[in-house]
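K.L.:
Just passing along the structure, written as structure tokens.
The values are calculated or read from the model by the stated rules, or taken from the named source; none is laboratory data. What you see is a predicted model; the values in this text were computed from it and never measured. Methodologically, a virtual Cβ is constructed for each residue, glycine included, from the backbone with ideal geometry; neighbour enumeration extends over all protein chains shown.
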Amino acid sequence: MYNVMSPKAEEFISHEEVLASLAYAQQNKNNRELIDQILEKARERKGLSHREAAVLLDCELEDKNQEIYALAEQIKKDFYGNRIVMFAPLYLSNYCINGCEYCPYHLKNKHIARKKLTQEEIVKEVTALQDMGHKRLALEAGEDPVNNPIEYILECIQTIYGIKHKNGAIRRVNVNIAATTIENYRKLKEAGIGTYILFQETYNKESYEKLHPTGPKHDYAYHTEAMDRAMDGGIDDVGLGVLFGLNNYQYDFTGILMHAEHLEAYKGVGPHTISVPRLRRADDIDPDVFDNGISDEIFAKIVACIRIAVPYTGMIVSTRESQACREKVLHLGISQISGASRTSVGGYAQPEPEEENSAQFDVSDNRTLDEVVKWLMEMDYVPSFCTACYREGRTGDRFMTLLKSGQIVNCCHPNALMTLKEYLEDYASEETREVGDKLIEKELDVITNPRVKEKVIDYLANIHKGERDFRF
């Protein structure tokens with residue numbers, strides 16, 4: 001049944017192939033010769049098959065595990081350098097008609113505060129996000145054709161792009177909404193979205209259907225095939241993700257790599273991003289009931305093995321994870337993180353009252369954006385607020401070609417420094433600005449092209465004088 005080129009979910013994510021891959025990995029988890037061969041292939045920076053990656057994930061040989069971590073860190077540096085892209089989620093509405101057993105938005109939850117932002121409230125929320133320094137948002141909404149129709153989402157996007165406050169602007173809106181039709185994906189593309197994001201939750205069809213007993217999300221095939229429809233609708237960049245903790249982690253690790261292989265083979269472009277959220281406590285939800293929780297050590301191994309298997313993809317970790325956990329996985333493959341997130345509907349403009357809890361899950365990293373930016377820079381990362389590739393048309397296969405060839409660094413590194421300079425000038429605390437200016441001065445030496453370096457120095461001076469939005 002397994003066919004990477006099939007448009008059918010049960011064929012490109014074949015249950016039998018997943019089980020065979022897991023069995024193969026178990027049989028070979030201490031096969032030193034095979035692991036060496038897989039690592040040698042991985043060093044070519046062209047990725048691994050789902051079955052090869054499953055062997056590395058299960059590997060118990062400590063010296064080989066250290067090689068895996070070191071290789072993941074090096075591959076991350078090769079493709080993404082020391083840049084970390086910053087974003088924030090914006091929850092538009094938690095009205096939902098699905099019965100997802102792990103999500104507090106499920107229809108049967110009668111005590112969560114149901115909210116939907118008006119356009120006036122969105123202006124306040126986005127203004128507050130701009131005043132923090134954010135330039136990139138990920139829109140979130142429950143599935144409800146009455147309360148959250150596609151027309152509402154489109155109106156929200158138009159409102160967000162129209163908000164200009166002081167030097168603030170949201171330059172790119174990514175969208176995480178339920179699986180929909182090709183026609184609706186076309187509308188999202190026309191609205192100017194960046195990446196369409198949809199988490200699979202779990203790739204195990206039987207578990208998926210049990211976890212989604214009611215509502216349109218119950219349809220496993222329609223949900224799993226959504227990325228194909230999004231690309232058919234003209235969306236160049238799509239983002240995959242599973243919710244680790246719902247199901248056996250090896251199964252979902254293998255499934256998400258098979259999905260990436262399918263997109264690469266069938267659509268010609270693999271996932272722009274892969275997210276790795278873990279199940280968290282939330283209103284009406286106790287993660288202990290799922291009994292599939294994974295330790296920080298396993299989580300780090302998952303991140304490292306995905307980075308090795310899909311070297312070109314951006315990898316996202318959110319404020320679900322603690323500062324300590326995020327610090328560990330940044331080295332192993334993560335290239336995007338959220339900062340100062342609110343997982344409630346509203347809460348940026350003013351804190352949400354405790355009695356009106358509308359959050360989707362508990363946040364583990366509660367630091368301000370300024371604190372997160374300073375923390376990253378003190379570890380020699382460059383926080384990037386760049387959205388240039390979207391606006392210059394470097395998306396889909398064009399972005400991937402530049403990334404895989406190593407040419408994207410000529411754009412990304414200078415753009416990261418310039419957007420960081422904007423943040424430092426407009427929003428940073430004095431301490432953060434001091435750390436950032438020193439980092440930018442040091443990072444200028446990384447630019448090897450003298451003409452590009454000269455331009456960047458000129459642009460940085462102009463930013464200091466008050467000009468904004470330079471990009472390569």
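K.L.:
Given the criteria in contact with a Leu (Cβ under 6 Å, 6 or more places away or on another chain) and either surrounded by fewer than 20 Cβ atoms within 10 Å (Cβ to Cβ) or assigned by TED's automatic domain parsing to the domain that holds residue 425 (or both), does residue 150 qualify? Steps first, answer last, please.
P.N.:
Values: in contact with a Leu (Cβ under 6 Å, 6 or more places away or on another chain): no; either surrounded by fewer than 20 Cβ atoms within 10 Å (Cβ to Cβ) or assigned by TED's automatic domain parsing to the domain that holds residue 425 (or both): yes.
Spelling it out, it is not the case that residue 150 is in contact with a Leu (Cβ under 6 Å, 6 or more places away or on another chain) and either surrounded by fewer than 20 Cβ atoms within 10 Å (Cβ to Cβ) or assigned by TED's automatic domain parsing to the domain that holds residue 425 (or both).
K.L.:
In addition: Kindly evaluate residue 35 against the criterion of being farther than 16 Å from residue 261 by Cβ, β-branched (Val, Ile, Thr), buried (at least 16 other Cβ atoms within 10 Å of the Cβ) and touching a residue at least 40 places away in the same chain (Cβ under 8 Å).
P.N.:
Values: farther than 16 Å from residue 261 by Cβ: yes; β-branched (Val, Ile, Thr): yes; buried (at least 16 other Cβ atoms within 10 Å of the Cβ): yes; touching a residue at least 40 places away in the same chain (Cβ under 8 Å): no.
No, not satisfied.
K.L.:
Same structure again: Taking the residues in the stretch 287-337 that are at pLDDT below 95, crowded, with 22+ Cβ neighbours inside 10 Å and polar (S, T, N, Q) as candidates, determine which candidate is farthest from residue 409 (Cα to Cα).
P.N.:
319
K.L.:
Just to be sure, is residue 406 farther than 19 Å from residue 334 by Cβ and surrounded by 16 or more Cβ atoms within 10 Å (Cβ to Cβ)? Walk me through it before giving the result.
P.N.:
Numbers: farther than 19 Å from residue 334 by Cβ: yes; surrounded by 16 or more Cβ atoms within 10 Å (Cβ to Cβ): no.
For residue 406, the condition - farther than 19 Å from residue 334 by Cβ and surrounded by 16 or more Cβ atoms within 10 Å (Cβ to Cβ) - is not met.
K.L.:
Now for a different question. For the stretch 191-216, which positions are over 23 Å from residue 317 (Cβ atoms) and within 21 Å of the chain's Cα centre (by Cα)?
P.N.:
191, 192 - these are the residues of the stretch 191-216 that are over 23 Å from residue 317 (Cβ atoms) and within 21 Å of the chain's Cα centre (by Cα).
K.L.:
Among the residues of the stretch 75-134, which ones are modelled with pLDDT of 95 or more and small (Gly, Ala, Ser)?
P.N.:
Hits for the stretch 75-134 are 88, 93, 128, 133.
K.L.:
If we keep just the residues of the stretch 364-393 that are modelled with pLDDT under 95 and under 18 Å from the mean Cα position of the chain (by Cα), which is nearest to residue 338 (Cα to Cα)?
P.N.:
Only one residue tops the list, namely 365.
Yes/no per residue for (1) closer than 30 Å to residue 402 by Cα; (2) in contact with a strand residue (DSSP E or B) (Cβ under 7 Å, 6 or more places away or on another chain); (3) in a helix (DSSP H, G or I):
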site	(1), (2), (3)
17	no, no, yes
45	yes, no, no
75	yes, no, yes
85	yes, yes, no
105	no, no, no
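K.L.:
What number of residues in the stretch 418-472 are among the aromatic types (Phe, Trp, Tyr) and at pLDDT 95 or above? Steps first, please.
P.N.:
So the first thing to find is which residues in the stretch 418-472 are among the aromatic types (Phe, Trp, Tyr), and the list is 423, 427, 459, 470, 472.
Pick out the ones that are also at pLDDT 95 or above and you get 423, 427, 459.
Result for the stretch 418-472: 3.
K.L.:
At least 2 residues that are among the small types (Gly, Ala, Ser) in each: list the helices (runs of 4 or more DSSP H) lying fully within the stretch 189-282 that qualify.
P.N.:
Details: elements: 205-211, 220-224, 226-232, 249-262.
By residue number, 226-232, 249-262.
K.L.:
What residue, among those in the stretch 426-437 that are in contact (Cβ under 8 Å) with a residue 12 or more places away in the chain and charged (D, E, K, R), is surrounded by the fewest Cβ atoms within 10 Å (Cβ to Cβ)?
P.N.:
Initial filter on the stretch 426-437 (in contact (Cβ under 8 Å) with a residue 12 or more places away in the chain): 426-429, 431-432, 435-437.
Then keep just the ones that are charged (D, E, K, R); that gives 426, 431, 437.
Details: 426: 16, 431: 10, 437: 18.
Per the criteria, the residue is 431.
K.L.:
If you go through the stretch 88-127 one residue at a time, how many are surrounded by fewer than 19 Cβ atoms within 10 Å (Cβ to Cβ), in contact with a helix residue (DSSP H, G or I) (Cβ under 8 Å, 6 or more places away or on another chain) and β-branched (Val, Ile, Thr)?
P.N.:
Within the stretch 88-127, residues that are surrounded by fewer than 19 Cβ atoms within 10 Å (Cβ to Cβ), in contact with a helix residue (DSSP H, G or I) (Cβ under 8 Å, 6 or more places away or on another chain) and β-branched (Val, Ile, Thr) number 1.
Okay, residues lined up against (1) basic (Lys, Arg); (2) crowded, with 16+ Cβ neighbours inside 10 Å; (3) touching a residue at least 24 places away in the same chain (Cβ under 8 Å):
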position: 366; (1), (2), (3): no, no, yes
position: 385; (1), (2), (3): no, yes, yes
position: 393; (1), (2), (3): no, no, no
position: 418; (1), (2), (3): no, yes, yes
position: 424; (1), (2), (3): no, yes, no
position: 449; (1), (2), (3): no, no, yes
position: 467; (1), (2), (3): no, no, no
position: 471; (1), (2), (3): yes, yes, yes
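K.L.:
Another question, then. Any residue that is assigned to a loop (DSSP other than H, G, I, E, B), touching a Cys at 6+ places or on another chain (Cβ under 6 Å) and either more than 26 Å from residue 203 (Cα to Cα) or not hydrophobic (A, V, I, L, M, F, W, C) (or both) - is there at least one of those in the stretch 23-35? Working first, answer last.
P.N.:
Narrowing the stretch 23-35 to residues assigned to a loop (DSSP other than H, G, I, E, B): 29-31.
Now narrow it down to the ones that are touching a Cys at 6+ places or on another chain (Cβ under 6 Å): 29.
Within this subset, residues satisfying the condition of being either more than 26 Å from residue 203 (Cα to Cα) or not hydrophobic (A, V, I, L, M, F, W, C) (or both) are 29.
Within the stretch 23-35, one or more residues are assigned to a loop (DSSP other than H, G, I, E, B), touching a Cys at 6+ places or on another chain (Cβ under 6 Å) and either more than 26 Å from residue 203 (Cα to Cα) or not hydrophobic (A, V, I, L, M, F, W, C) (or both).
K.L.:
Of all residues in the stretch 173-188, which are part of a helix (DSSP H, G or I) and surrounded by fewer than 21 Cβ atoms within 10 Å (Cβ to Cβ)?
P.N.:
Taking the stretch 173-188 first, the residues part of a helix (DSSP H, G or I) are 182-188.
Result: 182, 183, 184, 186, 187.
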